[in-house]
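Peer 1: First, the structure itself, so that you have it in front of you.
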Amino acid sequence: MATKVNKIGVLTSGGDAPGMNAAIRAVVRTATYNGLEAFGIMRGFMGMIDDDIVPMPSRSVANIIQRGGTILKTARCKEFYEREGREKAYKNLKKLGIDGLVIIGGDGSFRGADLFSREFDIPCIGLPGTIDKDIAGTDFTIGFDTAVNTAVEAIDKIRDTADAHDRLFIIEVMGRDAGYIALHSGIATGAETVLIPERKTDVEEIVRSLQEKERRKKLVNIIVVAEGEDFGGGNEVAKFIAERMPNADTRVCILGHIQRGGSPSCLDRLIASRMGYSAVESLMIGRHNVMVGILNNRMYYTPLEKAVKAKQKLSDDWLKIIRILAS
Ligand code: ADP
């Protein structure tokens, strides 16, 4: 039976991702459209514990759809792992009459939300906000498209200078557990190869391939490395190649946090808007404790406890395409 929701709290938690603001806006606007009150909880679960919660009327989310970061800020919160912390959070929500929560974050945040909703009578809806794209039950996560486009733009620029000097560039992109940013940006920038956590790195094979290309006078090469691949990241790979190929002009570039910032892409704004809308709709009809995803262009709801980090099966075809197109 659906119990009526009157006041919805929204928060962003864990790693930040471009498009979180668009999701916050969608939650607030959908809530107020339906006559509900919206509240912004600052710094993830921390704001629930510290009672840092502000009313969010419709106008409070004006002019944010295009802004990176999150106006609610985000944080990791140690106290929320403890029952005592969660109880304090619950009391603060109760005091304000908040009877539904929307959590925009990654799988860690969903674990926290799942636990909280089981212990206390506050339904939670999760929205996948992560640049890494590695969440089960959705084809898209808020932030991935922007991050990967930032990587593509940066790699294109590096290619210009690599080309001018006949250089080999090793470019490290984000992705501690998942290689999606590396894989997608590598294909889109014509990389020689991509190294990802999902596959064992074979540096000897890379050297062999580069040497063969050197013989054919293909001297400009880009290798895209996910930070979490198993050889140790961009610097280690570059060091190994430079030692084995002293004549190659090898450089490294670690893209780093640039990939988290910037104005969200059209796609990220679109999915954030659809998901935010759907989160409020879910709370209103009593579809509780799920993560809102999009699969095959349809809204798809995964129980929070199953919305875990997932390595969707990477297709070997993609790696083959990279190899063939870079030959
Ligand atoms: P992300 O959501 O990006 O995966 P984290 O894994 O750091 O990021 O999780 C964000 C926050 O969610 C944590 O700082 C903590 O407050 C909360 N959280 C994560 N896992 C749990 C858990 N098992 N129990 C309670 N809270 C949790």
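The values are calculated or read from the model by the stated rules, or taken from the named source; none is laboratory data. All values reported here derive from a predicted model rather than from experimental measurement. Note: ideal-geometry Cβ built from the backbone for every residue, glycine included; neighbour counts use all protein chains shown.
Peer 1: Are any residues in the range 9-39 under 21 Å from the mean Cα position of the chain (by Cα) and under 22 Å from Asn92 (Cα atoms), and if so, which ones?
Peer 2: Listed by number, the residues that qualify are Val10, Leu11, Thr12, Ser13, Gly14, Ile24, Val27.
Peer 1: Same structure, new question: Restricting to the range 4-24, name every residue that is assigned to a strand (DSSP E or B) and polar (S, T, N, Q).
Peer 2: Thr12
Peer 1: Could you look through the range 125-140, keep only residues that are in a strand (DSSP E or B) and within 12 Å of the ligand (Cβ to nearest atom), and pick out the one that is surrounded by the fewest Cβ atoms within 10 Å (Cβ to Cβ)?
Peer 2: For the range 125-140, the residue satisfying everything is Ile135.
Peer 1: Name the one entry in Asp114, Asp160, Asp121 that is surrounded by fewer than 18 Cβ atoms within 10 Å (Cβ to Cβ), over 18 Å from the mean Cα position of the chain (by Cα) and part of a helix (DSSP H, G or I).
Peer 2: Unique residue meeting the criteria: Asp160.
Peer 1: Condition test on Val27, is it at pLDDT 95 or above, closer than 25 Å to Asp134 by Cα, in a helix (DSSP H, G or I) and in contact with a strand residue (DSSP E or B) (Cβ under 6 Å, 6 or more places away or on another chain)?
Peer 2: Considered against the rule, which asks whether it is at pLDDT 95 or above, closer than 25 Å to Asp134 by Cα, in a helix (DSSP H, G or I) and in contact with a strand residue (DSSP E or B) (Cβ under 6 Å, 6 or more places away or on another chain), Val27 comes out as yes.
Peer 1: While we're looking at this one, here's another question. Being in contact (Cβ under 8 Å) with a residue 24 or more places away in the chain, surrounded by 14 or more Cβ atoms within 10 Å (Cβ to Cβ), among the acidic types (Asp, Glu) and closer than 22 Å to Asp145 by Cβ, is that true of even one residue in the range 255-277?
Peer 2: yes
Peer 1: What number of residues within the range 49-87 satisfy the criterion of being of a type in the set (Ser, Thr, Tyr), out of contact with any strand residue (DSSP E or B) (no Cβ under 8 Å at 6 or more places or on another chain) and away from the ligand (no atom under 15 Å from the Cβ)?
Peer 2: Residues in the range 49-87 being of a type in the set (Ser, Thr, Tyr), out of contact with any strand residue (DSSP E or B) (no Cβ under 8 Å at 6 or more places or on another chain) and away from the ligand (no atom under 15 Å from the Cβ): 1 in total.
Peer 1: OK, next. Please specify each residue of the range 29-65 satisfying the condition of being crowded, with 18+ Cβ neighbours inside 10 Å and hydroxyl-bearing (Ser, Thr, Tyr).
Peer 2: Matches in the range 29-65: Thr30, Thr32.
Peer 1: Checking Glu172 against (1) within 30 Å of Ile241 (Cα to Cα); (2) modelled with pLDDT of 95 or more; (3) within 13 Å of the ligand (Cβ to nearest atom): exactly one of these is not met. Which one?
Peer 2: Of the numbered conditions (1) within 30 Å of Ile241 (Cα to Cα); (2) modelled with pLDDT of 95 or more; (3) within 13 Å of the ligand (Cβ to nearest atom), the odd one out for Glu172 is (3).
Peer 1: In the range 88-124, which residues are in contact (Cβ under 8 Å) with a residue 60 or more places away in the chain and more than 13 Å from the ligand (Cβ to nearest atom)?
Peer 2: Within the range 88-124, Leu93, Leu96, Gly97, Ile98, Asp99, Gly100, Val102, Pro123 meet the criteria.
Table: residues versus (1) basic (Lys, Arg); (2) surrounded by 21 or more Cβ atoms within 10 Å (Cβ to Cβ); (3) within 26 Å of Asp16 (Cβ to Cβ).
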| position | (1), (2), (3) |
| --- | --- |
| Ile142 | no, yes, yes |
| Val148 | no, yes, yes |
| Ala151 | no, yes, yes |
| Phe169 | no, yes, no |
| Arg176 | yes, no, yes |
| His184 | no, yes, yes |
| Ala191 | no, yes, no |
| Ser209 | no, no, no |
| Glu212 | no, no, no |
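Peer 1: I'd like the full set of residues that are buried (at least 22 other Cβ atoms within 10 Å of the Cβ) and not small (Gly, Ala, Ser), limited to the range 214-248.
Peer 2: Asn221, Ile222, Ile223, Val224, Val225, Glu229, Val237
Peer 1: While we're on this one: Identify the single condition in (1) in contact with a helix residue (DSSP H, G or I) (Cβ under 7 Å, 6 or more places away or on another chain); (2) among the charged types (D, E, K, R); (3) farther than 23 Å from Asp107 by Cα that Arg216 does not satisfy, given that it satisfies every other one.
Peer 2: Here Arg216 meets the rest and fails (1).
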